[in-house]
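Note sheet for the following structure.
Where a number appears in this text, it was derived from the coordinates with a stated rule and is not lab data. For clarity, every value in this text was computed on a predicted model and none was experimentally measured. As a convention, Cβ positions derive from the backbone with ideal geometry for all residues, glycine included, and neighbour counts pool all protein chains shown.
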Amino acid sequence: MTIPQTMRAAVVRDFGRPLSIEEWPVPRPGPGKVLVRIAASGVCHTDLHAADGDWPVRPAVPFIPGHEGVGRVAALGAGVSHLEEGDLVGIAWLHDACGHCEYCITGWETLCEAQHNSGYSVNGCMAEYALGNAAYVARLPEHSDPVAMAPILCAGVTTYKGIKETGARPGQWIAISGIGGLGHLAVQYATAMGLRVVALDVAEDKLALARTDGAEIVVNASLDNAAQRVIDATGGGAHGVLVTAVSRPAFGQALQMARRRGTVSLVGLPPGTFETPIFEVVLKRITVRGSIVGTRQDLAEAIAFAAAGKVRAHTQTAALEDVDSVFAELKAGRVTGRVVLKLDGQ
Ligand SMILES: [Zn+2]
Ligand SMILES: [Zn+2]
């Protein structure tokens with residue numbers, strides 16, 4: 001494969017300013033790395049935070065955002081023996097981790113303190129080429145559709161892992177709060193995993209989407225008695241509650257609708273804190289648990305559901321040059337499903 005000297009990339013130069021489309025040198029893969037020619041790059045809420053620099057640890061500018069990158073391996077760095085040129089792979093948020101800390105050796109590499117994150121601490125996938133770490137890129141089935149697979153790399157694995165973390169078993173109820181880019185996939189994963197789904201959102205069109213994705217019951221989260229409705233419909237509350245919403249009231253509501261002995265799993269990341277009613281948590285023996293993306297094994301499982309046709313992200317495509325208008329739409333909450341930037345790879 002002939003690799004050009006330069007590539008188009010969406011670049012964050014200053015926080016809170018529009019991204020610029022620039023010609024950047026195509027990076028060369030060092031030992032253990034692969035160069036990937038990007039075919040599709042999903043846009044995630046985290047990319048907005050990266051570009052605005054509003055999280056406690058900021059990326060160093062200039063940088064290329066994006067951590068839902070799908071494409072084919074264009075070049076191998078030294079020592080890479082389990083991948084070949086032309087393999088279809090995915091670059092996810094967990095770019096790499098140290099491989100030897102207590103978290104890495106116990107299958108919790110997502111908690112490694114020395115991890116690098118794509119599109120944040122290392123350049124990401126909103127470009128024609130991106131580097132991946134060969135030991136951490138996801139293998140994708142040869143004939144998968146890059147646009148359909150891109151959202152699985154973050155939104156998919158994050159919700160799949162979050163559902164696992166509730167411990168809800170097949171036949172039990174899970175309440176999914178927030179039916180956006182994450183939540184609409186959560187409804188599909190939960191349904192495919194044999195769980196019964198209650199979906200909550202403040203927007204009726206998103207609730208309608210949840211129904212088509214498999215939710216048995218939908219409840220408008222803005223109703224005063226929303227939590228009570230969930231408790232009544234599920235005969236005592238949901239065994240698992242997954243909060244993908246980025247509004248703080250959703251967190252208190254999630255605790256109310258959990259069943260006795262239930263687990264509330266949090267994946268949405270609004271700034272700030274939320275009130276935890278101690279009496280309710282203690283007397284009902286509720287577990288509140290954070291969940292962050294997923295390990296390589298979780299990712300392989302999440303991909304398998306998508307490859308089997310059991311989960312499919314609702315996507316709209318846009319060009320790399322449209323990245324700023326996509327960010328604006330996402331910020332305004334006007335995106336249903338996921339926007340994927342389509343590039344020339346594949
Ligand atoms: Zn993401
Ligand atoms: Zn580690």
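See the values below:
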| item | result |
| --- | --- |
| Cut-off under 5 Å, modelled amide H: who pairs with Gly124 long-range | Ile64, Gly119 |
| Cα convex hull of the stretch 1-147 - mean projected area over all directions, nm² | 9.0 |
| Set Lys206/Lys310; Lys33/Lys310; Lys206/Lys331; Lys310/Lys331 screened for pairs whose C-alpha atoms are more than 22 Å apart | Lys33/Lys310; Lys310/Lys331 |
| Amide H contacts of His95 (H built 1.01 Å from N, under 5 Å, at least 5 apart or other chain) | His116, Asn117, Ser118 |
| 14 Å Cα-Cα reach of Lys164 towards aspartates and glutamates, excluding residues that sit fewer than 8 places from it in its own chain | Asp298, Glu301 |
| Pairs of alpha carbons in the chain whose separation is greater than 39 Å (percent) | 13 |
| Length-normalised contact order of the chain in % [C-alpha pairs under 8 Å, at least 6 apart] | 19 |
| Two-decimal log10 I(q)/I(0) for the stretch 291-337, as the Debye equation yields it once each C-alpha is a single scatterer, q = 0.20, 0.25, 0.28 Å⁻¹ | -0.86, -0.89, -0.92 |
| Whole-number D in µm² s⁻¹ for the stretch 18-61, Kirkwood Cα-pair radius fed into Stokes-Einstein, 37 °C, 0.692 mPa s | 246 |
| Dipole magnitude of the chain about its Cα centre (Cβ charges: Lys, Arg +1; Asp, Glu -1), debye to nearest 20 | 960 |
| Charge tally in the Cβ shell below 12 Å around Thr110, where Lys, Arg are +1 and Asp, Glu are -1, Thr110 excluded | -3 |
| Dipole of the stretch 77-170, positive end: most advanced residue of Met126, His116, Ile152 [Cβ charges, Cα centre] | Ile152 |
| Under 5 Å, built H, 5+ apart or other chain: amide partners of Gln316 | Arg338, Val339, Val340 |
| Phi-based couplings in Hz for the stretch 132-142 (Karplus 6.51, -1.76, 1.60; Gly and Pro marked x) | x, 8, 4, 7, 10, 5, 8, 7, 10, x, 3 |
| Environment charge of Leu299, counting only residues whose C-beta is closer than 14 Å and scoring Lys/Arg +1, Asp/Glu -1 | -1 |
| Span per principal axis, largest first, for the Cα atoms of the stretch 156-290 (Å) | 37, 30, 28 |
| For the stretch 258-274, 3J(HN,Hα) per residue [Karplus equation, 6.51 cos²θ - 1.76 cosθ + 1.60, θ = phi - 60°, Hz, x = Gly/Pro] | 6, 6, 3, 6, x, 10, 9, 10, 10, 10, x, 10, x, x, x, 10, 9 |
| Mean Cβ neighbour count within 10 Å, used as a protection proxy, ranking 8-18, 176-186 highest first | 176-186, 8-18 |
| Lys/Arg +1, Asp/Glu -1 at C-beta; the stretch 259-322 dipole; positive extreme among Ala313, Val288, Leu299 | Val288 |
| Qualifying aspartates and glutamates (Cα of each under 15 Å from Cα of Lys342; at least 8 residues distant if same chain) | Glu68, Glu128, Asp145, Glu321, Asp322, Asp324 |
| Where only alpha carbons of the stretch 179-243 are counted, the Rg and the Dmax (Å) | 10.8, 31 |
| Net lengthening on full extension, Ala332/Asp232 (0.36 nm per residue, minus Cα-Cα) | 32.7 nm |
| Computed FRET value (nearest 0.05) for Gln5 with Ala304, which takes r as the C-beta separation and R₀ as 51 Å | 0.85 |
| Given charges at beta-carbon only (K, R positive; D, E negative), |dipole| of the stretch 1-132 in Debye | 320 |
| Nearest-20 debye value, the stretch 236-346 charge dipole, Cβ charges on Lys, Arg, Asp, Glu | 700 |
| Extreme residue, positive dipole direction of the stretch 156-290, given options Ala238, Phe251, Val198 (C-beta unit charges) | Ala238 |
| Cut-off 13 Å between beta-carbons: net charge of the residues surrounding Arg260, Lys and Arg +1, Asp and Glu -1 | +3 |
